[in-house]
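> I have a structure I would like to understand better, so I am pasting it below and will then ask my questions one at a time.
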Amino acid sequence: MADSTEEDDSFTKPLGRCTVTYYGVGHMLNDITASCWFTYLLLYLTDIGLSPRDAATVMLSGQIADGFATIFAGELIDRFGHFKLWHGAGSVLVAISFSSVFGGCMPCKIFGTSSSTLRTVGYSMFAAIFNVGWAAAQVSHMSMLNCITLNSTSRVILASCRNAFTMVANLSLYAVAFIVFGVTMASTHADIENQYRWIAYLSIFIGCCFVGIFHLGTKEPRLKVSLQGNNHSRISWTYWFKRVLYYQVALVYVLTRLVVNVSQAYLAFYVIDDLHMAQSAKALVPAIIYISSFLVSIILQEISWTGQCLKACYSAGAIVWIFCGAGILFLPGSMSAFMYLISVSIGIANALMMVTGVSMQSVLIDRDLNGCAFVCGSLSFMDKISCGLALFVLQSYQSTRVIQENHSNDVYFSVTRFGLGFVPAVCSLISVIVTYTMKLQPAPCKPLMEPLLV
């Protein structure tokens with residue numbers, strides 16, 4: 001009994017900065033490829049001649065594959081464990097398949113034709129393969145967080161560090177894109193494919209370096225086995241379906257991902273087509289968002305977290321996004337410089353919402369570790385399907401989009417403006433209402449003994 005108490009006590013102690021950092025870098029490959037996926041996929045596919053609807057079909061196929069893969073991955077991880085094995089296998093699949101998503105239509109080369117249908121099918125196939133690997137790496141990494149420690153503050157810090165390195169991954173992508181777009185000229189479809197192929201190769205290389213650091217520095221979590229005894233026992237799905245908090249956390253998480261992903265997908269279109277900013281703005285504006293997000297994520301690691309604190313910070317981020325959405329919706333092209341200020345606010349809001357939204361999952365899971373992968377997988381399933389459908393619907397109307405050629409004080413409510421401003425603002429408003437109804441009571445734990453990243 002004494003040994004058990006001592007072991008349980010060790011799991012509630014604050015984590016060291018090395019443990020947190022090694023864990024935080026583990027999602028870098030997923031993050032940098034996901035950033036490329038949401039930021040450039042629709043832009044790339046339309047640039048090489050696919051219709052907006054066909055481009056949306058490619059993205060939807062990947063999102064659906066990702067969604068179902070998260071469910072299966074979550075179930076198998078809960079049954080058999082081995083987080084690092086799943087993470088490694090998923091990362092390998094991501095690294096192998098991602099370059100093909102931006103590497104031209106392989107079936108077109110095989111069959112010697114480039115019909116619209118065949119191109120859509122070809123890109124959709126590799127999009128699905130890429131997202132299956134992505135799902136395995138994501139679910140294993142997210143669920144691993146809850147099995148590293150029982151300390152609720154340390155769990156938030158792990159999520160915050162993970163989000164900070166997400167910002168590093170995004171900034172790395174835009175640095176790579178800035179260099180590639182700067183040193184190469186694209187006058188044909190082949191040139192465009194070559195540009196994005198180099199972006200994909202360099203992104204994979206950077207991400208794989210950090211995955212290697214993660215696997216070398218992070219040990220397979222033993223907390224799950226220590227608490228439950230039997231690694232292969234698991235909690236029934238119905239246990240979660242009977243809890244009101246599960247539905248609340250799920251809805252908040254899905255709405256948060258809709259805010260982040262839909263806004264990211266339309267940001268490049270907005271600054272170029274609606275605000276008529278310079279081409280460099282499609283890299284500079286996102287970079288500002290991620291720098292401010294990174295700084296906020298670092299600051300969040302110094303807070304001692306409670307349930308009320310999680311709710312307050314999430315609500316603050318959502319309210320900031322509501323104002324940002326209103327600004328984006330009504331910002332005229334003649335005042336495009338204000339987009340830089342809005343970008344700072346979006347970065348702050350994204351960090352607050354993502355860190356606390358993910359941390360709410362840890363409060364839901366608490367010590368029920370043999371169901372943690374199902375929770376992460378099921379929430380990710382809903383996230384992927386909802387994001388895919390939202391983008392598909394928006395892109396279905398994109399073909400009727402009218403792009404203003406001249407700067408004007410008049411505001412044209414394009415699909416791009418609607419997707420970047422209105423949709424995230426509405427999702428943020430609903431998420432604030434749901435968050436207010438939550439009862440978050442994380443288990444009491446020892447406070448941090450020292451700042452993590454000083």
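The values are calculated or read from the model by the stated rules, or taken from the named source; none is laboratory data. Quick caveat, the model's predicted, so the values are computed rather than measured. Every residue, glycine among them, receives a Cβ derived from its backbone with ideal geometry; neighbour counts consider all protein chains shown. These area figures cover heavy atoms from the full protein model, side chains too; ligands, DNA and RNA do not enter into them. Shrake-Rupley method; radii C 1.70, N 1.55, O 1.52, S 1.80 Å.
> Go through the range 65-161 and tell me which helices (runs of 4 or more DSSP H), entirely inside it, have 2 or more residues that are small (Gly, Ala, Ser).
83-101, 116-148
> List every residue pair whose Cβ atoms sit under 7 Å apart, with the two residues 6 or more apart in sequence or on different chains, where the first one lies in the range 132-154 and is without any contact (Cβ under 8 Å) to a residue 60 or more places away in the chain and within 26 Å of Ile96 (Cα to Cα) and the second, anywhere, is of a type in the set (A, V, I, L, M) and open to solvent by 10 Å² or more (accessible area, probe 1.4 Å).
That search, which allows pairs on different chains as well, returns Gly133/Leu93.
> Would the range 213-230 turn up any residue that is open to solvent by 30 Å² or more (accessible area, probe 1.4 Å), at pLDDT below 90 and basic (Lys, Arg)?
Scanning the range 213-230, I find at least one residue that is open to solvent by 30 Å² or more (accessible area, probe 1.4 Å), at pLDDT below 90 and basic (Lys, Arg), so the answer is yes.
This table checks each residue for (1) of a type in the set (A, V, I, L, M); (2) within 14 Å of the chain's Cα centre (by Cα); (3) surrounded by fewer than 24 Cβ atoms within 10 Å (Cβ to Cβ).
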residue: Gln138; (1), (2), (3): no, yes, no
residue: Met142; (1), (2), (3): yes, yes, no
residue: Leu145; (1), (2), (3): yes, no, no
residue: Thr149; (1), (2), (3): no, no, no
residue: Ser152; (1), (2), (3): no, no, no
residue: Leu158; (1), (2), (3): yes, no, no
residue: Arg162; (1), (2), (3): no, yes, no
residue: Met167; (1), (2), (3): yes, yes, no
residue: Ala177; (1), (2), (3): yes, no, no
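> Determine, yes or no, whether Ser61 is modelled with pLDDT of 90 or more, assigned to a helix (DSSP H, G or I), polar (S, T, N, Q) and surrounded by fewer than 24 Cβ atoms within 10 Å (Cβ to Cβ).
Against the criterion (modelled with pLDDT of 90 or more, assigned to a helix (DSSP H, G or I), polar (S, T, N, Q) and surrounded by fewer than 24 Cβ atoms within 10 Å (Cβ to Cβ)), Ser61 qualifies.
> Right, another one. Search the range 350-361 for residues that are assigned to a helix (DSSP H, G or I) and β-branched (Val, Ile, Thr) and pair each with any residue that is modelled with pLDDT of 90 or more and open to solvent by 10 Å² or more (accessible area, probe 1.4 Å) when their beta-carbon atoms are under 6 Å apart and the residues are at least 6 apart or on different chains.
Thr356/Cys313
> Scan the range 189-197 and tell me whether some residue there is in contact (Cβ under 8 Å) with a residue 24 or more places away in the chain, open to solvent by 30 Å² or more (accessible area, probe 1.4 Å), more than 21 Å from Cys105 (Cα to Cα) and not in a loop (DSSP other than H, G, I, E, B).
Within the range 189-197, not a single residue is in contact (Cβ under 8 Å) with a residue 24 or more places away in the chain, open to solvent by 30 Å² or more (accessible area, probe 1.4 Å), more than 21 Å from Cys105 (Cα to Cα) and not in a loop (DSSP other than H, G, I, E, B).
> Restricting the search to the range 313-346, which residues are of a type in the set (Gly, Ala, Ser), in a helix (DSSP H, G or I) and either over 22 Å from Ser280 (Cα atoms) or touching a residue at least 60 places away in the same chain (Cβ under 8 Å) (or both)?
Ser315, Ala316, Gly317, Ala318, Gly325, Ala326, Gly327, Gly333, Ser334
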